[in-house]
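Notes follow the structure.
The values are calculated or read from the model by the stated rules, or taken from the named source; none is laboratory data. Only a predicted model underlies this, so the values are computations on that prediction, with no experimental measurement involved. Glycine gets a Cβ as well: all are built from the backbone with ideal geometry, and neighbour counts include every protein chain shown. Heads up: the accessible areas ignore ligands, DNA and RNA and are worked out on the full protein's heavy atoms, side chains in. Shrake-Rupley method; radii C 1.70, N 1.55, O 1.52, S 1.80 Å.
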Amino acid sequence: MTQWTDPSSPIRFAILGAGRMGAEHGHALMGLPDARVVAVADPVLNAAHKLARLTRAEAVYGDPLEAIKDPQVQAVLIVTPTGTHAALIEAAANAGKAIFCEKPVASSLAETERVMRVIQQTGVPFQIGFQRRYDTAFAQAKARIVAGELGQIEQFCATGRDPAPPPLEYLKGSGGIFVDQAIHDLDMARFLVGEVEEVTAVGDAKVDPAIAGIGDADTTTVLLKFASGAQGVVMNSRRAVYGYDVRTEVFGSQGKFVLEATPKTPLLAYTQGVSMDHYHFFMDRFKDAYRAEIGAFVAALRASQSPSPGMDDALESLRLALACTRSLKEGRAVRVAEVVV
């Protein structure tokens, strides 16, 4: 029996990163009888102490590496800045701790592959944070597609728009719009339809010229050619004045599934015309999915099963995002297999 499958005590977690996602995952862990937060780490100690009080964690660290070394810690949730993920994953894996990490593992393929080798060598459980896979609508669409309800999949369309761009300082280290934002829609393309063979991307800075100044775009459109022969399109923007906008359609020979941008409140007001409210941010729209993915991670540890999505999904979704980045910069179609270390 491993340290994670012992039913006599909850799995002891350290949360590495005490920002908004650290708090979100802390709430999720508190609702699980098989999990307990025993440590919180963040260089901003005030934030770490605040999250520790919320989660009733006993230990607070300014350095996440110290939390990993804590012998009480059996598993870690990594919600630190992207540039720190790879080193923390490697440290946790070498310490024999189970790992949940928000996407991406790293912004480069070489670093991601290096981390994958460490995970494989140590054999520790690993899950990447693609929370849409645990959203009720996306998960049900996947199950029904696998069951053959749509027949042969022929077309895929996804839209992902944020209400406003993040600060420029964040964008400078984000890896670009495809790695930072569109990767969720690209992961859904892989999840619902299958692997993508070729991409053609266009885009520019329509929201803020300063984004072009750092070599990035804020408005993009990507054409996808799937290995199955299906066609696809993914559209992204850093600005939607009406709020967070995520919609997906999968079309097949026997029909289609539409995952629409649902109202936050299930109410349509028929007064002066028809009106409804709208989700303003991703944490609001996918709150239940965030809770579900953490629950699934803990359940996989308890059952001694491999968590999903894992390192393969982290690597291949990043490869796809980097193919889009290359296509945009080089102004040509790019085969995903071209993107290698």
message: Compute the angle between helix 183-192 and the longest alpha-carbon principal axis of the chain, please, reported from 0 to 90 degrees and rounded to the nearest 10.
response: 80
Most mobile of I11, I145, I177 in a GNM of the chain (Cα contacts under 10 Å): I145
- prompt: Which whole-number percentage describes the relative contact order of the chain, with Cα contacts under 8 Å and a sequence gap of 6 or more?
  reply: 19
- prompt: Helix 136-146 versus the longest principal axis of the chain: what is the Cα-based angle in degrees, 0 to 90, to the nearest 10?
  reply: 70
message: Quick check: net charge around S228, other residues with Cβ under 14 Å of its Cβ, Lys/Arg +1 and Asp/Glu -1?
response: -2
message: Cut-off 10 angstrom, C-alpha nodes, Gaussian network model of the chain. Which of P125, P165, P307 fluctuates the most?
response: P165
- prompt: How large is the accessible surface per residue of region 95-170, computed with a 1.4 Å probe and reported in Å² as a whole number?
  reply: 42
task: Would you grab the residues whose amide H sits under 5 Å from the one on V76? Only those 5+ places off in sequence or on another chain, please, with H modelled 1.01 Å from N.
output: A14, A98, I99, F100
message: Test of understanding: in a Gaussian network model of the chain with alpha carbons linked when under 10 Å, which of V222, V60, V44 would top the mean-square fluctuation ranking?
response: V44
field: Nitroxide proxy distance, nm - points 7 Å out along Cα→Cβ at A303 and R20
entry: 3.2
- line: The distance between the Cα centres of region 22-92 and region 111-138, in whole Å, is 18
field: Cα gyration tensor shape for region 17-170, rounded if a/c is under 1.5, else prolate or oblate
entry: prolate
task: Just the number, please: carbon plus sulfur as a percent of the accessible area of the chain, 1.4 Å probe, no ligands or DNA/RNA counted.
output: 53
field: Residues with amide H under 5 Å from that of I11, placed H, sequence gap 5 or more
entry: A35, R36
- request: May I ask you to compute the full-extension gain from V241 to S275, defined as 0.36 nm times their residue separation minus their alpha-carbon distance, rounded to one decimal in nm?
  value: 10.6 nm
- prompt: How far is helix 45-55 tilted off the main Cα axis of the chain, in degrees rounded to 10, range 0 to 90?
  reply: 90
Taking region 1-92 and dividing mean pair separation by its residue count, relative contact order in percent (alpha carbons under 8 Å, at least six apart): 32
query: Summing +1 for each Lys or Arg and -1 for each Asp or Glu, what net charge is found among the other residues whose Cβ lies under 11 Å from the Cβ of A292?
result: +1
message: Can you give me the accessible area per residue for region 203-341, using a 1.4 Å probe, in Å²?
response: 50
By accessible area with a 1.4 Å probe, ligands and nucleic acids excluded, highest first: order of Y290, Y279: Y279, Y290
field: Helix-only [θ]222 nm of the chain, DSSP H runs n ≥ 4, -39500 (n - 2.57) each, per residue, nearest 500
entry: -10500 deg cm²/dmol
- request: Below 19 Å Cα-Cα, how many Lys pairs turn up in the chain? Only count pairs eight or more apart in sequence, or on different chains, if you could.
  value: 10
